1. Long-range amide H contacts for V661: which residues qualify at under 5 Å (H placed 1.01 Å from N, peptide plane, sequence gap of 5 or more or a different chain)?
2. What list of whole percents do you get for P(r) of the stretch 341-428, with Cα-Cα distances grouped in 10 Å bins up to the one holding the largest distance?
3. Count charges around A219 for me, please; just the other residues with Cβ under 13 Å from its Cβ, Lys/Arg as +1, Asp/Glu as -1.
4. Can you tell me the FRET efficiency between L284 and S797 if r is taken as the Cβ-Cβ distance and R0 is 41 Å, rounded to the nearest 0.05?
5. Working out 0.36 nm times the residue gap between A546 and T640, then minus their Cα-Cα distance, what length gain in nm do you get to one decimal?
6. For the stretch 128-236, what mean projected area does the convex hull of the alpha carbons give, in nm²?
7. How large is ³J(HN,Hα), in whole Hz, for each residue of the stretch 230-245 in order, when computed from phi with the Karplus curve 6.51 cos²θ - 1.76 cosθ + 1.60 and θ = phi - 60°, using x for Gly and Pro?
8. Round to the nearest 0.05 the FRET efficiency obtained for N739 and E52 when R0 = 56 Å and r is the Cβ-Cβ distance.
Amino acid sequence: MTTPEVELPFLAGGGAMGERIRTYPWSTTSLGHPLSWPQSLRTALRILLTTEHPIFLFWGSEHTCFYNDAYSRSLGPEKHPSILGGPGWKAWEEIWPSIAPQIEHVMSGKGATWHKDQLLPIVRHGALQEVYWTYSYSPIDEPLSPYGVGGVLVICTETTDYVLAERRLSEERQRFVQLFDQAPTFLTVLEGPNHVITLANPGYLKLVGYRDVVGRPVAEALPEAKTQGYVALLDEVYRTGQPFSAFGAKYVTQPLDGGSTDELYLDFVYQPMTAANGTVTGILVQGVDVTSRAAADQALALNRSRLDYATRLSGVGFWYCDLPFDVLEWDDRVKEHFFFSPTARITIDDFYARIHEEDREPTRAAIEASVRGRTPYDIVYRTVDPATQAIKWIRALGGTDYASDGSPAYFDGVTVDVTAQERDQQNLSILNHQLREQDRLKDQFIATLSHELRNPLAPIRSAAGVIASPQVTPMQLQRAQLIIERQAKHMALLLDDLLDIARITHGRLKIRKQPVSLSEVVDSAIEAVRPGLNSKSQELTLSLPAEPVWLDADLLRLSQILSNLLVNAGKYSDAGTQITICATVENGTLALSVKDEGIGIAPGSIHRIFDMFSRGDGGEDGLGIGLALAKGLAELHGGTIEAHSAGLGHGSEFVVRLPIVSPTSSELAVPANAAQVDPARRKILIADDNVDAAESLSMLLQLAGHEVRVAHLGRIALSHAQLFRPDVVLLDIGMPDLNGYQVAQQLRQDPWARSIQIIAVTGWGQEDDCRQAIEAGFDHHLCKPVDPDELSRLIGSGQKAQSS
């Protein structure tokens with residue numbers, strides 16, 4: 001039935017739902033023709049159709065359903081538009097027991113109702129979804145109806161996203177409090193300029209003798225903190241917004257009963273907490289009681305154990321194995337522990353082959369006990385280099401994770417080189433107690449890293465399973481995607497920190513150059529990738545110069561470049577397509593290209609295709625570390641690499657350009673990496689307000705055998721210099737109190753400092769910056785990021801008074 005709109009002005013407009021209401025066959029229902037509808041219903045429908053707010057309407061004894069366009073967007077295909085004109089009990093069958101009493105309350109003349117964030121699960125998009133609403137039920141007055149109420153006007157807002165977000169926030173808060181209380185270190189939160197203690201975990205309460213400190217300023221709750229200078233440090237952190245860290249700081253407690261005091265030594269950090277506008281609002285205090293370590297330091301000389309600790313921490317490697325065992329996933333550090341190259345593919349047989357024959361069965365039994373017996377995996381074994389018979393002592397810690405059916409799923413953990421500890425225990429029995437303490441601290445660190453790495457994997461795996469399920473709902477899909485995004489972001493941040501340690505401890509990649517023919521490189525690369533190409537029936541075409549082409553290069557690394565490009569071409573090309581290797585020589589340069597008929601590269605991706613972990617627009621996985629590695633290896637050989645593509649679907653071409661040489665060239669007779677004399681051990685002072693930059697450079701220099709001190713302010717650097725009397729001072733220029741120029745000038749005024757090396761390490765690299773540094777008393781000017789080899793050369797040479 002179609003009723004002209006001119007006859008029904010109260011039904012005019014309203015978009016799609018207005019049209020549906022106007023064309024609905026109302027004459028066949030108990031309501032009858034719209035011309036006969038009472039004025040109160042007409043008025044309510046006019047409100048419903050002229051507002052952008054979601055509105056629903058129940059009318060009459062059958063609770064006939066009306067709703068507008070805005071409300072329809074909250075419905076799935078199961079209800080919209082079929083519930084229009086139908087009875088309420090049928091439209092809302094799944095929630096009728098909940099809403100029927102509310103409707104009857106209004107219909108019986110008892111007044112309106114209000115419901116905030118009410119859970120009303122409804123069938124939507126194929127599933128019963130958890131849906132929350134804030135709504136009101138208001139009476140529509142109709143004198144001729146029972147109790148004077150003809151229907152119920154429902155004004156509502158879906159609040160599902162808000163409620164679920166609040167729930168997640170609450171869970172996160174509870175988790176934070178739990179982690180805060182369970183932290184193995186002492187933690188407290190101080191708020192405001194008076195440093196009021198608002199949170200304190202059990203470790204902190206134990207540290208202060210279980211005094212009643214929460215809710216009180218530090219100076220009042222802990223008077224000794226003020227007299228010993230710690231409150232002044234807190235004031236400085238609060239004022240400047242700069243964190244403060246201390247190692248082995250002495251703290252003398254003041255017991256409540258007036259008894260004897262305790263002298264403690266603490267490692268701690270004062271970390272400022274800021275509001276959104278950058279204003280400091282409080283300070284997070286985190287630390288560890290290292291009193292026992294301080295006692296060991298006094299016996300072994302100050303800072304000895306700290307250096308050992310940092311060195312041992314940097315030697316941690318991570319491994320992961322799916323069960324049953326086959327190929328093992330190891331990082332470069334674990335491969336180093338087993339005398340494998342970083343590119344080696346490791347199987348379970350390779351693992352056992354590198355373990356000392358006396359340790360194989362105990363190791364096998366320990367793994368079996370962990371996998372089958374559900375026990376922690378913790379063992380020390382020896383690894384053997386098959387070429388030199390060199391031995392390393394390795395400690396491995398980890399465990400087994402199980403699938404939902406109870407079967408073992410994967411086996412993962414960490415390794416650390418404990419050769420130094422083993423030798424110390426064998427040769428220096430007097431150090432046994434101190435070494436056990438170091439092992440305990442190291443175990444805590446390893447366990448924490450293992451926990452933090454494994455924690456994100458569980459929700460990521462579960463969320464991935466949800467996404468892969470054919471029954472997944474849109475709401476579940478969205479939640480799963482948010483879980484993966486959050487946990488992946490957490491893991492990325494953690495892995496970035498670990499990679500920084502790896503760069504410091506591994507140093508830069510070295511290549512071994514020798515005369516290499518182009519044909520050797522091509523043959524080696526093709527041999528490596530041939531099985532993969534054959535599996536997809538991909539044809540490989542070669543076009544090489546007729547005359548031999550020689551390069552001064554590392555055969556393995558050049559083959560790696562070409563094989564990476566071939567693997568990339570095969571991976572992103574369909575089966576049966578052609579891949580072409582073409583080489584030409586012009587003006588002493590080799591141009592070696594790999595061209596495919598694959599998915600191609602979007603124009604917007606070309607500029608970043610060689611970035612680490614870059615993802616191309618055309619592939620499911622994108623282009624990752626392989627191209628970045630190829631670029632780095634090409635540059636190590638004095639060459640370049642570039643990518644070309646006509647766009648998605650038009651294939652790709654990668655061109656490597658390398659210098660060629662004559663096979664009789666004298667430069668081929670010179671070793672690629674001439675031996676360098678290690679610089680002598682030096683006393684080095686680093687001053688940089690960037691804590692991470694200073695600490696990472698400190699670790700690098702310590703690993704090179706130097707004795708290092710670190711300061712984060714210019715005045716503190718001057719104080720350290722007077723006591724430490726360094727041979728070399730590395731100064732950042734842009735420090736907040738005294739800049740690097742001022743520190744250098746003041747140092748040069750002391751007779752003892754006139755002969756030392758002072759080197760600027762800064763992000764300012766213009767010619768005028770170099771000139772100003774030399775005028776201020778610097779011997780050298782290095783721009784960040786500093787080349788470790790260049791810095792080592794300068795320190796070792798002792799050169800003075802020139803810019804670099």
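1. W550, L551, D552
2. Using 10 Å bins, I get a P(r) of 15, 43, 31, 10, 2 for the stretch 341-428.
3. So the environment of A219 carries a net charge of -1.
4. Calculated value: 0.40.
5. 31.5 nm
6. 13.5
7. 6, 5, 4, 5, 4, 4, 5, 5, 5, 6, 8, x, 9, x, 10, 10
8. Values: r = 59 Å, r/R0 = 1.06.
Once rounded, the FRET efficiency stands at 0.40.
The values are calculated or read from the model by the stated rules, or taken from the named source; none is laboratory data. The model shown is predicted, which means the values in this text are computed figures rather than measured ones. With ideal geometry, Cβ positions are generated from the backbone for all residues, glycine too; neighbour counts draw on all protein chains shown. Ligands, DNA and RNA are excluded from the accessible area calculation, which covers all protein heavy atoms including side chains. Shrake-Rupley method; radii C 1.70, N 1.55, O 1.52, S 1.80 Å.
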